[in-house]
1. Please specify each residue of segment 1-27 satisfying the condition of being over 19 Å from Ser79 (Cβ atoms) and touching a residue at least 60 places away in the same chain (Cβ under 8 Å).
2. Give the residue, chosen from Ser16, Ser32, that is hydroxyl-bearing (Ser, Thr, Tyr), within 25 Å of Met81 (Cβ to Cβ) and out of contact with any Cys (no Cβ under 9 Å at 6 or more places or on another chain).
3. Could you please give the count of residues in segment 38-72 that are loosely packed, with under 12 Cβ neighbours inside 10 Å and aliphatic (A, V, I, L, M)?
4. So the check is Cβ under 9 Å with 6+ separation or different chains; which pairs have a first residue in segment 64-84 that's without any contact (Cβ under 8 Å) to a residue 12 or more places away in the chain and a second one that's among the hydroxyl-bearing types (Ser, Thr, Tyr)?
5. Of the residues Asp66, Asp40, Asp19, Asp48, which single one is among the charged types (D, E, K, R), in contact with a helix residue (DSSP H, G or I) (Cβ under 8 Å, 6 or more places away or on another chain) and either over 19 Å from Leu114 (Cα atoms) or not in a helix (DSSP H, G or I) (or both)?
6. Examine segment 28-40 for a residue that is at negative phi and touching a residue at least 40 places away in the same chain (Cβ under 8 Å), and state whether such a residue exists.
Amino acid sequence: MYYNPLIGGILVEVASILDGIDGEIARLTKKSSRFGAFLDSVLDRFVDIAVLTAGSSYLLSILAPDKALLIASWLISSSLMVSFLHARGEASLGTNLRQIGASPYATRDVRLFLYSI
């Protein structure tokens, strides 16, 4: 199988830019909706799955299986926990976690970029 992490990283960034554009267009045209936000979140998780699967596959090609599994498990767990904490924070606390002191630096875009390199 052929792997090119540079192309993978570029594709992740292009997907991230396109993901941001749709929301901005919806807001500018005043066509944003709760369903649109829901759909955007669901599609974001599919992108996360694709990126993490590709990254895990690449790790298996360059590292010993036990090391690759350990790193891939950590990346997947981290991604799941960030999404879970964000959703639970909004549902249970009624607020975005960034408003109560969580770091604003590790946004989804930053995490995907780091996973892809």
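1. Met1
2. So the residue among Ser16, Ser32 that is hydroxyl-bearing (Ser, Thr, Tyr), within 25 Å of Met81 (Cβ to Cβ) and out of contact with any Cys (no Cβ under 9 Å at 6 or more places or on another chain) is Ser16.
3. 3
4. From segment 64-84, the pairs are Leu69/Ser56; Ser73/Ser56.
5. Exactly one of Asp66, Asp40, Asp19, Asp48 is among the charged types (D, E, K, R), in contact with a helix residue (DSSP H, G or I) (Cβ under 8 Å, 6 or more places away or on another chain) and either over 19 Å from Leu114 (Cα atoms) or not in a helix (DSSP H, G or I) (or both), namely Asp40.
6. Taking every residue of segment 28-40 in turn, none turns out to be at negative phi and touching a residue at least 40 places away in the same chain (Cβ under 8 Å).
All of the numbers you see were taken from the coordinates with simple rules; none came from a lab. Small disclaimer: the values here were computed from a predicted structure and weren't measured. A quick note on method: Cβ atoms are made from the backbone with ideal geometry, for glycine too, and the neighbour counts reach across all protein chains shown.
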